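Chemist: Below is one structure. I have some questions about it.
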Amino acid sequence: MSTLLDDVRSFAHPGQIVGEIHLPARQARHGRWPGWVSEPVSKALIQRGLDQPWLHQVIAANALHANQHTVLATGTGSGKSLAAWVPVLSALSREDHANRLTSLQRRPTCLYLCPTKALAADQYSSLVDLARAVDPSIGVATVDGDTDSSLRRWARNYGDIVLTNPDFVNYSILTHHKNWTRLFRGLTTIILDEFHSYKGLFGAHVALLTRRILRVARAYGATPRLCFLSATTSDPSGTAARFLGIDPTEITLVNDDSSPCGERDILLWQCREIEEDGTQDFLPAFLPSDDPPRRSANTEAGELTGFLADRGARNLTFVRSRQGSESVAQIARTWLKEHAPAKVNQVAAYRGGYLPEERRELEAELRSGNLLALATTNALELGIDISGLDSVVLTGWPGTHASFAQQFGRAGRAGRRGLSIFVGRDNPLDRYYLSHPDLLSETTAETHVFDPSNPTVLLSHVCAAAAELPLTEPDAAVFGLDSTELFASLTEQGFLRARQAGWYWNIALGKNPHALVDLRGEGASMTIVDAQEGAVLGTVSAAQADSSVHPGAIYVHQGHLFRVERWEDEELVWVHAHEGADIRTFARSQIHIEIEAERESLNFGDLTWSFGDVAVSSSVDSYDIRRTSDWMFLGNIPLSMPVRTLHTRAAWWTLPHSTIRELRIEQDAIAGALHGAEHAMIAMLPLLATCDRWDVGGLSLATHPNTGLPTVFVHDGAEGGAGFSEQGFAQGAAWVKATYEMVSSCPCSRGCPRCIQSPKCGNNNEPLSKSGAAALLGHLARHMSA
């Protein structure tokens, strides 16, 4: 009898499966709940078959019971949440009934934070059942921006456990902390779920937000312990310590996963070449390539999803975008319509933007077996309870090893054998993983990157904190500062007012300082309006507006084409329906980088490797028009857009002109060689840092005005920096080595999207020289590894 793995092997075309990884089963190691667990909790656990905990649950629960900051970093489905809830519920079930119902009594409370509303709702559903079994009077509440006033009032007055997200904490709970006195006075535990997702700017913001929570709690006499629930990452205890601004010795790490796991197989799947008479379902690069064109990863994933559904497998297919999830689901249904029409309606899409009721219904349908497959964004990567799956399809590298583990860990949960299929997309990083399958089974090398010292992030939190409670000298350490110099500077600028009791927010400004905290880094946005109908079509972030909705740009909305007419006060974008040929526009940008300060510099022979502060000035100066049927160039239209300046951080390297000549790079190929090396390094940085290629930018010049030498920059895309380029600088040898291996192993001769072409290039991938880029990167790799 054939297995699902055998069936998928048979479904693959020759050469599509480029690697297989087999992970053996893992046996469970059990412990016993300790004696301090209250009798009501013990009874509730026994009733639910949870009386034989896994060993890591017991160790983590004991650490929390001992009031230790604890990181529990184990795999998907390993019961991390239960380890946190047992000590919380035990403490609550020991409190007498009268105390629990008295709003101002100091007694145990818990604040649970997670990055999404959906995850908070899922945790609420499972927790409230357990809490009611322990003691029906324990108050469990979930609150967010959509919660009505009566439920918020109930949470403030009776919530023993409050589940929410960082946004609501900043904009409501901390802003009006006096209304949440009951929560703060008794706060014993703060749980940060999906800790590995707090990275980059978002991670920096939430780190400072958490320190503000602790600061307010201390003012109410509470000293809560922190419980970090995380997927496996590099140095989780060190990451938690940086998050809180404390010494790593103050963190207890539990990362030895003792939960059972069935056998798992991972297939590395390469998109198949397009037959000569086939239809091109990909967006071809603007530069020619001798590497054969391949089908898109979405097409491959969609047909695999349909095939797995036909075999009766319960499956999740992870896709990188909302639009992609809809597309993959449709491709799967189309395949089923031809091969298994009775199962067409057993495949659906799942993504953010759906109503909560729709998402809950889809989850229930998958659990029950009425649905066999969901094509989903990473909305189902997080700890939402979907277990017992047979297979998972990953459409492209999900960004980090932690996300990869979370996604493929969905298959084979509950001890069953699972199959995961990694479908590589047409980009350098995916190609690298397809050719290095060992990296998918080894311990992650990437570092959890965030930078709470980013001035742009830090200033907004200092101002918000001053509005919550007056800042005092000891508060400097809360924000990682050596002195109160920043408080004094903000006072001179008029943001704070110095008084005998400390530094206060200047309410005379008439502004809410909590609104200055841009947790998700979304910034201002512009509204896109159909000038003919007056209908709002959507929004676009101000940061993306110049390149995506500039005057003359083609804007696509639900398959319909619109041309941008004009902007109004950088708030509204007026568009009208485009009735002409099916075309697309591609913005061209001019970028300049000025080195403001060199923080670190290393010499490797003739190579100088640097890190520091830079000012990145960019402007969209024209756009290309191309016909979509064959991507023929139809013309270039000049634009006059404002210059935007970003003060951030970068890693950069220089080489002497003489070295370029020694490497036999022709004079007319130098710019293309540097440009190709820049693209490739940007593409490979996510191998080492928890970022996406869209989180960073770059520039290369044959002679940079500050260095006077051939120079390549890779910079953070966030104001003040996000820590990504700094991590690249710190792991320079590994970064350059991996980039060189990726470029030199690509079978193309002139460059392609799988090596040196970039989908985000502001100059439409011109000029590029693959041979020159390989020569430069090889020289760097040899010198940095010597």
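The values are calculated or read from the model by the stated rules, or taken from the named source; none is laboratory data. Keep in mind the model is a prediction, meaning the values are calculated, not measured. So basically every Cβ, Gly included, is an ideal-geometry build from the backbone, and we count neighbours across all protein chains shown. Only protein heavy atoms, including side chains, enter the accessible area calculation; ligands, DNA and RNA are left aside. Shrake-Rupley method; radii C 1.70, N 1.55, O 1.52, S 1.80 Å.
Chemist: Could you report the chain's accessible area per residue, 1.4 Å probe, as an integer in Å²?
Modeler: Per residue, the chain has 41 Å² of solvent-accessible surface.
Chemist: Cα-Cα over 32 Å: which of LYS43/LYS117; LYS117/LYS737; LYS117/LYS178; LYS80/LYS737?
Modeler: LYS117/LYS737; LYS80/LYS737
Chemist: Now a separate question. For segment 1-155, what is one quarter of the convex hull surface built on the Cα atoms, given in nm²?
Modeler: Mean projected area for segment 1-155: 14.4 nm², to one decimal.
Chemist: Considering amide H positions built from the backbone, and no H for Pro or chain starts, which residues 5 or more places from LEU163, or on another chain, come under 5 Å of its amide H?
Modeler: Those lying under 5 Å, H to H, from LEU163 are TYR112, ALA141, THR142, VAL143.
Chemist: Along the charge dipole of the chain, Cβ charges K/R +1 and D/E -1, which of PRO470, ALA313, ALA373 sits furthest on the positive end?
Modeler: PRO470
Chemist: Moving to a separate point now. When each pair of different Cα atoms in segment 400-506 is counted once in the 1/r mean, what is the Kirkwood radius in angstroms, to one decimal?
Modeler: 18.1
Chemist: Moving on. Between LEU509 and ASP482, what is the spin-label point distance in nm, taking each point 7 Å from the Cα along the Cα→C-beta axis?
Modeler: Spacing of the two 7 Å Cα→Cβ label points: 2.6 nm.
Chemist: Strictly under 4.7 angstrom between C-beta atoms: which cysteines of the chain have no such partner?
Modeler: Singleton cysteines: CYS110, CYS114, CYS227, CYS261, CYS271, CYS463, CYS691, CYS761.
Chemist: Relative to the Cα centre, what is the charge dipole magnitude of the chain, using +1 at the beta carbon of each Lys and Arg, -1 at the beta carbon of each Asp and Glu, and rounding to the nearest 20 debye?
Modeler: I would put it at about 2260 debye.
Chemist: Another one. Can you sort MET641, MET742 by 1.4 Å-probe accessible area, starting with the largest?
Modeler: MET641, MET742
Chemist: Could you please report the charge total around GLY480, scoring K, R as +1 and D, E as -1 over all other residues with beta-carbon less than 12 angstrom from its beta-carbon?
Modeler: Neighbour charge sum, excluding GLY480 itself: -1.
Chemist: Let me ask another. May I ask you to evaluate 6.51 cos²θ - 1.76 cosθ + 1.60, the Karplus curve with θ = phi - 60°, for each residue of segment 606-613 and list the ³J(HN,Hα) values in order in whole Hz, giving x for glycine and proline?
Modeler: 7, 8, 10, 10, 10, 9, x, 8
Chemist: May I ask you to derive the FRET efficiency for SER368 and SER744 from their Cβ-Cβ distance with R0 = 56 Å, giving the value to the nearest 0.05?
Modeler: 0.65
Chemist: Okay, moving on. Got a number for the accessible area of GLU598? Probe 1.4 Å, square angstrom, nearest 10.
Modeler: Counting only protein heavy atoms, the figure is 110 Å².
Chemist: How much solvent-accessible surface does THR585 expose, in Å² to the nearest 10, with a 1.4 Å probe and all protein chains in place?
Modeler: 30
Chemist: How far is it, in nm, from the label point at VAL344 to the one at ARG644 when both lie 7 Å from their Cα along the line to the Cβ?
Modeler: The modelled label-to-label distance comes out at 4.4 nm.
Chemist: Expressed in nm to one decimal, what extension gain is obtained for the pair ARG132 and GLU357 from 0.36 nm per residue of sequence separation less their Cα-Cα distance?
Modeler: 78.7 nm
Chemist: Quote the relative contact order of the chain in percent (integer), defining contacts as alpha-carbon pairs under 8 Å separated by 6+ residues.
Modeler: 11
Chemist: Report the calculated FRET efficiency for THR703 and GLU565 (r = Cβ-Cβ distance, R0 = 30 Å), to the nearest 0.05.
Modeler: Calculated transfer efficiency: 0.15.
Chemist: Continuing with this model, one more query. Putting +1 on Lys and Arg Cβ atoms and -1 on Asp and Glu Cβ atoms, find which of VAL143, ALA66, VAL41 reaches farthest to the positive end of the dipole of segment 17-144.
Modeler: Comparing the listed Cα positions along the dipole, ALA66 ranks first.
Chemist: Looking only at segment 187-217, which residues have a backbone nitrogen under 13 Å from a spot 7 Å from the Cα of GLU250 in the C-beta direction?
Modeler: Taking a point 7 Å out along Cα→Cβ of GLU250, the residues of segment 187-217 whose backbone N falls under 13 Å are 211-212, 214-215.
Chemist: Which whole-Hz ³J(HN,Hα) couplings does segment 160-175 yield from phi under the Karplus relation 6.51 cos²θ - 1.76 cosθ + 1.60, θ = phi - 60°, glycine and proline marked x?
Modeler: Couplings: 7, 10, 10, 9, 7, 10, x, 4, 5, 4, 5, 7, 10, 5, 6, 4 Hz.
Chemist: If R0 is 25 Å, what FRET efficiency do you get for ASN763 and ASP630 from their C-beta distance, rounded to 0.05?
Modeler: 0.70
Chemist: Under the Kirkwood approximation for Rh and a Cα-based Rg, what ratio Rg/Rh is obtained for the chain?
Modeler: 0.96
Chemist: Heavy-atom accessible area of CYS761 with all protein chains present, probe 1.4 Å, nearest 10 Å²?
Modeler: 20
Chemist: Let me ask you something else. Measuring from label point to label point, each 7 Å out along Cα→Cβ, what is the GLU492 to TRP694 span in nm?
Modeler: Result for the modelled spin labels: 4.0 nm.
Chemist: Related question: Kindly sort ASP193, ASP569, ASP482 by accessible area of their heavy atoms, largest first, with the probe set to 1.4 Å.
Modeler: The ordering from most to least exposed comes out as ASP482, ASP569, ASP193.
Chemist: Which log10 I(q)/I(0) values, to two decimals, does segment 179-230 give at q = 0.13, 0.20, 0.22, 0.29 Å⁻¹ under the Debye formula with one point per Cα?
Modeler: -0.33, -0.72, -0.82, -1.09
Chemist: Which residues among segment 21-56 fall inside the zone where the amide N is under 13 Å from a point 7 Å beyond the Cα of ARG417, along Cα→Cβ?
Modeler: 22-25
Chemist: Next question. Would you work out the charge dipole size for segment 729-786 about its Cα centre, treating the Cβ of every Lys and Arg as +1 and the Cβ of every Asp and Glu as -1, and quote it to the nearest 20 debye?
Modeler: For segment 729-786, the charge dipole is close to 60 debye.
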